[in-house]
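First up is the structure itself, then whatever we jot down about it.
Read-outs: derived from the displayed coordinates by stated rules, not from any lab. What you see is a predicted model; the values in this text were computed from it and never measured. Because the Cβ atoms are built from the backbone with ideal geometry, glycine has one as well, and the counts that use them run over all protein chains shown.
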Amino acid sequence: MKDYDLGNEEFSVHFYEWGKNNKPIIVCLHGLGNSGAAFFELAEYLEDNYHVLSFDNPGHGRTSSFVNEDDYLFSNIAQWYDNVFQQVLKEPFYILGHSWGADIALHYAKKYPEKIKGVILLDGGYTFPDFQEDMTFSKVYDGWNYYMNHSSVFDNWADIIKEYQQYTNHWNKKIEEMVSTLFIKDEKYELISSKFTVLSIIKAFFKESFTTAYPYIKSSLILIHATLPKELINARKAGITRLKQNIKDVTIVSMIKTNHLVHWDDPHKVANEIHNWITK
């Protein structure tokens, strides 16, 4: 694995790289509050057959934050990413997104279909918020606002581990390394993503639905989704139905006994599903 920084003193973009330049390219975009390091394990299973690039999204990891709230709108961040991709990519690629990153991937594929060989969604871009009726804007916005004010700072590393172990059934040293990229430490451990960034993204989810991108997806698409919690089964069914109605070539993979971070719970199986789909 290598990592790079693009840009200047005013704005820097950070990304990780695995594999060789002569292999098919997979660009990875992570979820809210995470970083490009979230794909460490998955990329290690893919690097023999693919050239993998994983970016720290704006306001996450070592990539600078946007100044304006509307810059986080999916249509705008897709255009911003195209300018970034042009600096490092010279040919069409597969775009992979988890959670928030899945929505970015869909809107990018909508705007630049000629640059996309295929879309890979990891438990994102198909349920939230459109098909989760209880996830109203006020509930989600107020919940994240409270979290950023009261729960995004930790006294010690042990508390962070205790918190993040709840999100996966596959905890190991590699995941702990990934989590370490999410925080900065002064007197306490503070989440790198600011409240401004997080709340701007929440607004974007409700302003630009992922479903508006579906009719414009021209490439094949695979959704690899979690099956836990079971309470989301109806939302998953509704989202998958809409996907199939709007996109011609859709593959659905249910990851049994996995949570939202499917690529943490079973990175080997996720990598195999991606490889089988690309090479079919």
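Here is how the numbers come out for the structure above:
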{"quantity": "Number of positions in segment 260-280 that are in a helix (DSSP H, G or I), of a type outside the set (Phe, Trp, Tyr) and touching a residue at least 60 places away in the same chain (Cβ under 8 Å)", "calculated": "11"}
{"quantity": "Filter result for the condition that a residue is of a type outside the set (D, E, K, R), touching a strand residue (DSSP E or B) at 6+ places or on another chain (Cβ under 6 Å) and surrounded by fewer than 18 Cβ atoms within 10 Å (Cβ to Cβ), over THR279, THR251", "calculated": "THR251"}
{"quantity": "Boolean, ASN83 is buried (at least 16 other Cβ atoms within 10 Å of the Cβ) and more than 26 Å from ILE252 (Cβ to Cβ)", "calculated": "no"}
{"quantity": "Residues of segment 72-83 classified as more than 16 Å from the chain's Cα centre (by Cα) and either among the acidic types (Asp, Glu) or assigned to a loop (DSSP other than H, G, I, E, B) (or both), total", "calculated": "1"}
{"quantity": "Some residue of segment 162-184 being surrounded by 16 or more Cβ atoms within 10 Å (Cβ to Cβ) and farther than 25 Å from ILE224 by Cβ", "calculated": "yes"}
{"quantity": "Qualifying positions in segment 215-242 - closer than 19 Å to LYS111 by Cβ and crowded, with 21+ Cβ neighbours inside 10 Å", "calculated": "ILE217, LEU221"}
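Results for (1) without any contact (Cβ under 8 Å) to a residue 24 or more places away in the chain; (2) more than 20 Å from GLU91 (Cα to Cα); (3) under 19 Å from the mean Cα position of the chain (by Cα); (4) surrounded by 13 or more Cβ atoms within 10 Å (Cβ to Cβ), shown as yes or no for each residue.
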position	(1), (2), (3), (4)
LYS2	yes, yes, no, no
ASN21	no, no, no, no
HIS30	no, yes, yes, yes
PHE40	no, yes, yes, yes
GLU44	no, yes, yes, yes
LEU53	no, no, yes, yes
